[in-house]
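Remarks on the structure that follows.
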Amino acid sequence: MTLRSAGRLETAPFKLALPVSIWIATLLLVGAVLVALVGPELYGLDPLAQNLRQRNSPPSVKYLLGTDHLGRDIMTRLITGLRMSLLVAVLALAVAAGVGVVLGLAASAASGITSRVFFGFVDLLRAMPGVLLALVLVAALGSGIGPVALAVGLTFAPTFALVAREAYHRERALPYVAAIAACGAKPMRIAFSHLLPNIIGSIVTQTAIIFPRCIVTESVMSFLGLGAAPDSATWGRMIAQASRFFETNPTAVMAPTLALAGLTLCVALIGNEARRRLDPIQRHLAR
Amino acid sequence: MSRTAIFGALAVLGRSVLLVIGITIIVFILLRIVPGDIVELLASEGGFSTGQMEQLRQELGLDRSWPEQLLIWSVNALCGDFGVSLRFQRPISEMIWSAMPATLQLGALSFVIGMSLGISTALAAAIWPRSPWRAVVEALNVWSVALPTFCVGFAFILIFVLWLRWMPLLGNLWLPVLVLGIDIAGQIAKPLLEDIEEARQSAYVRTAQAKGVSHRVIILRHVLPNALPSLLALTGLVLGGLAGGTVTMEVLFGHNGLGRLTLDSVLGRDYTVTQATVIIIAATVVLANGLVAMIGKLLDPGREKMV
């Protein structure tokens, strides 16, 4: 905590000497993003096409990872599932960061009773177990990509609100804020045009921490049968469906499970490293 | 025990009660903005007439205003009556009573095992700084952040049930406990180790070193008690995560617990059940956290940063 006393938060000089694991994770993540962007079109098979004569078939030349219980190509579903996972996670992250930061900053700047009520509400949401909150939100908002992204996003928004508040109070003590206030700027203007650019670092760090959680929460939701549309290929749903046949066809479960674990592992490693490098004082806030 | 400590503890308890009330209101509202009326949904499935719909609405009390409904529900709930399941026409309290033991057993065992595992690895890493224990703490941390519990659950099922054939799948208790326990250990080991290392910089540690107290005794007798409040604060996150983890584990391993009941009610649009189970689970977590925070206050009334 001694870092705070220096006025502006001083970060260690940025060294590019990243550990090997981070390099590998970054490469894999970039690869995953590329595959999600162009993979489904390049690979060219229909993720919903069923070949009922070839149900639960083992990996072959035609079906690289075999087929599932309806004779659908697992490799194709894996690739479209990747697109779905990343899409929902990115949307959820945007909702969480957008709603959390904007409301958190506005409430902090408003101070007084508004701020108290708002952060009381934030405390309330944070006191609820995350998966339960997401469950209730999905129940209220319905399923589909949009509602699920919204539900997952709103689950993580309170964390961003707290980060925004902490960053706000850290910055407000600095002389430049007093200078702008002396020029007659209103609190909201100070918060959004002057403070926001300076606290973007904390927010980006928090995004890196929350992103893997968004991916995991989305997959848990679709594993539980609450994800995007019932027949679309998401990893969680693939795992749930294939789990009924895993004695006859273990590949169908293992492929999406390993893919999911690999993706979250990469993202989490990068997030951890970002946190360690950029913002050592936030560790107790992350959830 | 000083008066401030007792007042502080009571304030913490009061805050938890307020949180429970707030959560009840939020869940109540969320489940009432559900697209479409529950009665209309049931009617479209069961082919009711308009008259029957009105009657059903009256039976469920849905013709009253929201605050009235909330008040009636809360009073009944405090007396242990959570209404009737729309789908199964059974008293919800009965369903909850039969589901509760499985969840409590799973949750309590995972909590105890996870906490002991996490605390002991963090301590081992602190006592022997240049040992592989540090790497174990790091690995546990990455494990719990990166690997969703249901993925780990599947991996364990593949290994222990299908390949090694050591145990059956359905109703298995020890595999989910292991999965959740490792997850919890990963959540607490690293923050605890970081706290211990922060405390090692303190003046009292230097004093103890100057007196010639051994490294191990410094960690166990001087640093650990000072890290206790932050450990108590960490249990808050652990309990919240556990409530979610039990849902997936119950689904995976076929336990008929509260999490399973909640999920089935959401999937089956049995909202009176969802409302009851979600509020009960959330209230349990909040009150357990309040209790933990209260203990923290009583141990250390000066500490302000308690959650």
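Count, please, the residues in segment A:110-142 that happen to be within 10 Å of another protein chain (Cβ to nearest Cβ) and farther than 16 Å from B:THR274 by Cα. It would help to see each step written out before you state the result.
Within segment A:110-142, the subset within 10 Å of another protein chain (Cβ to nearest Cβ) is A:120-121, A:123-142.
This time we only want the ones that are farther than 16 Å from B:THR274 by Cα, so: A:120-121, A:123-127.
Counting residues in segment A:110-142 that are within 10 Å of another protein chain (Cβ to nearest Cβ) and farther than 16 Å from B:THR274 by Cα gives 7.
Considering A:GLY227, A:GLY236, which residue is within 26 Å of the chain's Cα centre (by Cα), touching a residue at least 12 places away in the same chain (Cβ under 8 Å), within 14 Å of chain B (Cβ to nearest Cβ) and not in a helix (DSSP H, G or I)?
Unique residue meeting the criteria: A:GLY227.
If you check B:ILE184 against the conditions, is it out of contact with any Lys or Arg (no Cβ under 9 Å at 6 or more places or on another chain), at pLDDT 85 or above and assigned to a helix (DSSP H, G or I)? Step through it out loud before you land on a result.
Values: out of contact with any Lys or Arg (no Cβ under 9 Å at 6 or more places or on another chain): yes; at pLDDT 85 or above: yes; assigned to a helix (DSSP H, G or I): yes.
Yes, satisfied.
Go through (1) of a type in the set (Gly, Ala, Ser); (2) more than 20 Å from B:VAL12 (Cβ to Cβ); (3) facing another protein chain (nearest Cβ under 10 Å) for B:GLY240 and report which single condition fails.
(2)
Looking at the structure I just gave you, is A:GLY201 in a helix (DSSP H, G or I) and either within 12 Å of chain B (Cβ to nearest Cβ) or buried (at least 19 other Cβ atoms within 10 Å of the Cβ) (or both)? Outline the logic, then answer.
Details: in a helix (DSSP H, G or I): yes; either within 12 Å of chain B (Cβ to nearest Cβ) or buried (at least 19 other Cβ atoms within 10 Å of the Cβ) (or both): no.
So A:GLY201 does not fit the description; no.
Can you name the residue in segment B:149-159 that is more than 9 Å from chain A (Cβ to nearest Cβ) and more than 24 Å from A:ILE210 (Cβ to Cβ) and is also surrounded by the fewest Cβ atoms within 10 Å (Cβ to Cβ) among such residues?
To start, the set of residues in segment B:149-159 that are more than 9 Å from chain A (Cβ to nearest Cβ) comprises B:153, B:156, B:159.
Adding the requirement that they be more than 24 Å from A:ILE210 (Cβ to Cβ) leaves B:156, B:159.
Values: B:PHE156: 20, B:ILE159: 12.
Applying the filter and picking the extreme gives B:ILE159.
How many residues are part of a helix (DSSP H, G or I) and within 7 Å of chain A (Cβ to nearest Cβ) if we restrict to segment B:134-148?
Total meeting the criteria: 3.
Any idea which of (1) surrounded by 22 or more Cβ atoms within 10 Å (Cβ to Cβ); (2) not in a helix (DSSP H, G or I) is the one B:SER131 doesn't satisfy?
(1)
Restricting to segment B:289-304, name every residue that is touching a residue at least 40 places away in the same chain (Cβ under 8 Å) and either among the small types (Gly, Ala, Ser) or within 9 Å of chain A (Cβ to nearest Cβ) (or both).
B:ASN289, B:GLY290, B:ALA293, B:GLY296, listed by residue number.
Answer yes or no as to whether B:VAL286 is away from every other protein chain (no Cβ under 11 Å) and touching a residue at least 40 places away in the same chain (Cβ under 8 Å).
Values: away from every other protein chain (no Cβ under 11 Å): no; touching a residue at least 40 places away in the same chain (Cβ under 8 Å): yes.
For B:VAL286, the condition - away from every other protein chain (no Cβ under 11 Å) and touching a residue at least 40 places away in the same chain (Cβ under 8 Å) - is not met.
Which residue out of A:ALA191, A:ALA149, A:ALA164, A:ALA127 is buried (at least 21 other Cβ atoms within 10 Å of the Cβ) and closer than 22 Å to B:LEU18 by Cα? Don't jump to the end; show me each part of the working.
Details: A:ALA191 fails: closer than 22 Å to B:LEU18 by Cα; A:ALA149 fails: closer than 22 Å to B:LEU18 by Cα; A:ALA164 fails: closer than 22 Å to B:LEU18 by Cα.
From the options A:ALA191, A:ALA149, A:ALA164, A:ALA127, the qualifying one is A:ALA127.
Residues of segment B:161-181 being assigned to a helix (DSSP H, G or I), under 18 Å from A:PRO250 (Cβ atoms) and away from chain A (no Cβ under 13 Å), which ones?
So the first thing to find is which residues in segment B:161-181 are assigned to a helix (DSSP H, G or I), and the list is B:161-163, B:174-181.
Cutting the leftovers down to under 18 Å from A:PRO250 (Cβ atoms) gives us B:161-163, B:175.
Within segment B:161-181, B:LEU175 is the sole residue that qualifies.
In this structure, does B:VAL223 turn out to be of a type outside the set (Lys, Arg), in a helix (DSSP H, G or I) and modelled with pLDDT of 85 or more? Show your work before the answer.
Working: of a type outside the set (Lys, Arg): yes; in a helix (DSSP H, G or I): yes; modelled with pLDDT of 85 or more: no.
It is false that B:VAL223 is of a type outside the set (Lys, Arg), in a helix (DSSP H, G or I) and modelled with pLDDT of 85 or more.
Looking at this structure, is B:ALA146 of a type outside the set (Phe, Trp, Tyr), more than 26 Å from B:VAL278 (Cβ to Cβ) and buried (at least 18 other Cβ atoms within 10 Å of the Cβ)?
Values: of a type outside the set (Phe, Trp, Tyr): yes; more than 26 Å from B:VAL278 (Cβ to Cβ): yes; buried (at least 18 other Cβ atoms within 10 Å of the Cβ): yes.
Yes.
Can you name every residue in segment B:205-218 that is surrounded by fewer than 20 Cβ atoms within 10 Å (Cβ to Cβ) and touching a residue at least 12 places away in the same chain (Cβ under 8 Å)? Please lay out each step first, then the result.
Start the filter on segment B:205-218 by keeping residues that are surrounded by fewer than 20 Cβ atoms within 10 Å (Cβ to Cβ), which leaves B:205-217.
Scanning segment B:205-218 gives B:VAL205, B:ALA208, B:HIS215, B:ARG216.
Return a yes/no flag: does segment A:102-124 have any residue that is closer than 29 Å to A:SER243 by Cβ and surrounded by fewer than 24 Cβ atoms within 10 Å (Cβ to Cβ).
Initially, segment A:102-124 is screened for residues closer than 29 Å to A:SER243 by Cβ, giving none.
The answer is no, given that none of the residues of segment A:102-124 is closer than 29 Å to A:SER243 by Cβ and surrounded by fewer than 24 Cβ atoms within 10 Å (Cβ to Cβ).
The values are calculated or read from the model by the stated rules, or taken from the named source; none is laboratory data. From a predicted model like this one, the values you see are computed outputs, not experimental measurements. Quick reminder, even Gly has a Cβ in these numbers, built from the backbone with ideal geometry, and neighbours come from all protein chains shown.
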